[in-house]
Amino acid sequence: MEEKLAPEISAKLNVLIALSFKQVTGDTTFEDSKRRSGIGEKARFLANFGLEPKDIGDILGAPITSVRTLLTPKRRK
């Protein structure tokens, strides 16, 4: 039963993290734009806390493949 609850709990925690992150960064919109600027910096910040790319993508509203690409060492400036 715990295995069935884990994805649901993870999704709910991602929502809470996303809302908190929006508040901390001063983002006041809830719009999902096609092109989000500054995702790389935010993705690296969240990755430093041990979050997986899937969770980071869910939190930032970015595709998982984009998050993985942004987190690869060659892409860092």
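The values are calculated or read from the model by the stated rules, or taken from the named source; none is laboratory data. Keep in mind that what you see is a predicted model, and the values were worked out from it rather than measured. Neighbour counts are summed over all protein chains in view; Cβ atoms, including those assigned to glycine, are modelled from backbone coordinates with ideal geometry.
Would you pick out the residues in segment 33-51 that are exposed (fewer than 13 other Cβ atoms within 10 Å of the Cβ) and modelled with pLDDT under 85?
Hits for segment 33-51 are SER33, LYS34, ARG35, SER37, GLY38.
Return the pairs, sorted by first residue and then second, in which the second residue is surrounded by 13 or more Cβ atoms within 10 Å (Cβ to Cβ) and at pLDDT 85 or above, the first residue lies in segment 31-54 and is over 15 Å from ALA18 (Cα atoms), the beta carbons are less than 6 Å apart, and the residues are 6+ apart or on different chains.
GLY40/LEU70
Please find, among ILE17, ILE9, the residue that is at pLDDT 85 or above, farther than 21 Å from VAL67 by Cα and not polar (S, T, N, Q).
Values: ILE17 fails: farther than 21 Å from VAL67 by Cα.
None of the other options fit; the residue is ILE9.
Suppose the filter is assigned to a loop (DSSP other than H, G, I, E, B) and at pLDDT 85 or above; does PHE30 pass it?
Values: assigned to a loop (DSSP other than H, G, I, E, B): yes; at pLDDT 85 or above: no.
Criteria not met by PHE30.
Looking only at segment 52-61, how many residues end up being modelled with pLDDT of 90 or more and part of a loop (DSSP other than H, G, I, E, B)?
1
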